[in-house]
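Colleague: Got a structure for you, questions after.
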Amino acid sequence: MTLAKRFFPLLIISFFLLGCKVNYSFTGASVSPDVKTISIATFPSYAALAPPALSQTFTEALKDIFLRQTNLTLVKQNGDLIIEGEITDYQVRSEAVQDAAATLNRLTITVSVRYTDTKDEKKSFEQKFSGFEQFDANTNLSSVEQTLIDQINEQLTQDIFNKSLGNW
């Protein structure tokens, strides 16, 4: 058998495979091909004890995860996907007590989210998400607060992303 006859089937299979399109995502995001834009409104803070910058840092973290993990274009309003809501709770509580003194504290942030998929209303939802981080009770909150907020924002935004586009 000649060399050309032996490799001809492999050549045909290669062309066939190159013509196939496989959609996959390392993030697990499932975005319909007709969805091109996303609007993410600023999440105002209605939590009494929250630092003033929390609204902006949370909103920017939420925008960042959607822009990093999808090919969606961010628009100011009327996107194919719309995310809006508010920060509803920000609290510090004692978590572990030993010898009548707290040894661990927990910072918890809760956000209320309204997600609208204008292309498929069945995917829309309204839900509260909470995230927390613990810290040593002997540590002054102000010295670790921004780090804790960043970690909680990462948890919350990932949970929101998974709920909206991750099919979780």
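The values are calculated or read from the model by the stated rules, or taken from the named source; none is laboratory data. Because the structure is predicted, anything quoted here is derived from the model rather than measured. Please note: Cβ atoms are built from the backbone with ideal geometry, for glycine as well, and neighbour counts cover all protein chains shown.
Colleague: What's the number of the only condition in (1) of a type in the set (Gly, Ala, Ser); (2) at pLDDT below 95; (3) at negative phi that residue 100 fails to meet?
Modeller: Here residue 100 meets the rest and fails (3).
Colleague: List pairs: first in segment 65-86 and free of Cβ contacts under 8 Å to residues at least 60 places away in the same chain, second surrounded by fewer than 19 Cβ atoms within 10 Å (Cβ to Cβ) and assigned to a helix (DSSP H, G or I), Cβ under 7 Å, 6+ apart or cross-chain?
Modeller: 74/63; 74/67
Colleague: So residue 128 ticks every box in (1) farther than 14 Å from residue 160 by Cβ; (2) within 17 Å of the chain's Cα centre (by Cα); (3) basic (Lys, Arg) but one. Which box is left unticked?
Modeller: So the condition that residue 128 fails would be (1).
Colleague: OK, next. When you look at residue 117, is it touching a Lys or Arg at 6+ places or on another chain (Cβ under 6 Å), touching a residue at least 60 places away in the same chain (Cβ under 8 Å) and under 20 Å from residue 41 (Cα atoms), yes or no?
Modeller: So residue 117 passes the test.
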